[in-house]
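Peer 1: One structure, pasted below without further comment.
The values are calculated or read from the model by the stated rules, or taken from the named source; none is laboratory data. Note that the coordinates shown come from a computational prediction; the quantities given were computed from them, not determined experimentally. Positions of Cβ are generated from backbone atoms using ideal geometry, with glycine treated the same way; all protein chains shown enter the neighbour counts. Areas reflect the complete protein model, heavy atoms only, side chains present, ligands, DNA and RNA absent. Shrake-Rupley method; radii C 1.70, N 1.55, O 1.52, S 1.80 Å.
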Amino acid sequence: MTKRGQATLFIIIGIVVVVFVVLYFVAVKQEIIPPFLGKADAATELAAIDEQITDCLADLGSQYVTVLGAQGGYIAPAPDTYRLYNDSQVSYLCWNQEGVSTCTNRLLTVARMEEQLEDTIDDALQTCVNVYDLSDDVEAAEEWVLDVEIQQSSVDLTLDYPVTVQKGDDVASEDTFKESLAVPLGELYDVSQDIVNDHAVVGDF
């Protein structure tokens, strides 16, 4: 009698489970409730991609902006163009002139610093940007274009890289990804050029 009661209980539980499963799938089909443990929508997956790319821009940007600043405006100084100081290759910005106190300005420009950052960060982005790791429904451009702008109080990075996530009729896309580093590289450059120009013209600062 006990075994028959247990069997009846299991049958009732089984019927209840089946009823709930059927009701769930009917509700999903009618779009009454979202799929249980279903995939994220396109916008959510695109947000994860955006976070990956901007984090990558922030990490690499901070790294190479720091190197460039510490080395006097050059990421990879050529031989005989720098002096070692605290393990940094600090570049010469003005060449001494023989027999006089003035020097020859090396003419480092903001555009040259931006170009160095663009080339170096662009190559390094391959190590941390892979949108296909985050979504099976993503289409991205084969190449990206990185633009770096050195402002007075920031360094702004813009990555032109069209990305689209499409899940059926659900579509989300983004063409550019941006990150701004709170580094006053432009101000530091202006100060360095004031010093160099005075030394080049007057011979002293």
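Peer 1: Ratio of Rg to Rh for segment 72-205, alpha carbon only, Kirkwood?
Peer 2: So for segment 72-205, dividing Rg by the Kirkwood Rh gives 1.16.
Peer 1: Keeping every protein chain in place, order Tyr85, Tyr132 by accessible area at 1.4 Å, biggest value first, i.e. largest first.
Peer 2: Final ranking, largest accessible area leading: Tyr85, Tyr132.
Peer 1: OK, next. When the accessible area of segment 59-109 is split by element with a 1.4 Å probe, what percent falls to carbon and sulfur?
Peer 2: Exposed carbon and sulfur together represent 50 percent of the surface.
Peer 1: Report the net charge of residues surrounding Ala182, where surrounding means a beta-carbon distance below 15 angstrom and charges are Lys +1, Arg +1, Asp -1, Glu -1.
Peer 2: That sum, taken over residues with Cβ under 15 Å, equals -4.
Peer 1: Any chance you could check the Cα centroid distance between segment 102-139 and segment 156-186 for me, in angstrom?
Peer 2: 15
Peer 1: What number in nm² do you get for segment 84-146 if you take the convex hull of its Cα atoms and divide its surface by four?
Peer 2: Hull-based average projected area comes out at 7.3 nm².
Peer 1: Relative contact order of segment 48-205: what whole-number percent is it, with Cα pairs under 8 angstrom and at least 6 residues apart?
Peer 2: 24
Peer 1: Same structure again: Give, in whole angstrom and from largest to smallest, the semi-axes √(5λ) of the equivalent ellipsoid of segment 48-123, with λ running over the eigenvalues of the Cα gyration tensor.
Peer 2: Largest first, segment 48-123 gives 32, 12, 8 Å.
Peer 1: If the label point is 7 Å along Cα→Cβ of Ser101, which residues in segment 162-205 have backbone nitrogen under 17 Å from it?
Peer 2: Residues 195-205 qualify, since their backbone N sits under 17 Å from the label point.
Peer 1: Gain in length, Thr66 to Asp41, computed as 0.36 nm per residue apart minus the alpha-carbon separation, to one decimal in nm?
Peer 2: 5.2 nm
Peer 1: Accessible area of segment 125-176 with a 1.4 Å probe: how many percent of it is carbon plus sulfur?
Peer 2: Using a 1.4 Å probe with all protein chains present, segment 125-176 comes out at 38 percent carbon and sulfur.
Peer 1: Placing unit charges on C-beta atoms (Lys and Arg positive, Asp and Glu negative, everything else neutral), compute the dipole magnitude of segment 142-205 about its Cα centre in debye, rounded to 20.
Peer 2: With Lys and Arg at +1 and Asp and Glu at -1, about 120 debye.
Peer 1: Rounded to the nearest 0.05, what FRET efficiency do Asp198 and Ala48 give with R0 = 45 Å and r taken as the Cβ-Cβ distance? Could you check?
Peer 2: Given R0 = 45 Å and the Cβ-Cβ separation, E is 0.30.
Peer 1: Which value, in Å to one decimal place, does the Kirkwood hydrodynamic radius take for segment 142-205 when every pair of different Cα atoms is included?
Peer 2: For segment 142-205, inverting the mean 1/r across all distinct Cα pairs yields 14.9 Å.
Peer 1: Among Lys178, Lys167, what's the order by accessible area (1.4 angstrom probe), most exposed first?
Peer 2: So the residues, ranked largest to smallest area, are Lys178, Lys167.
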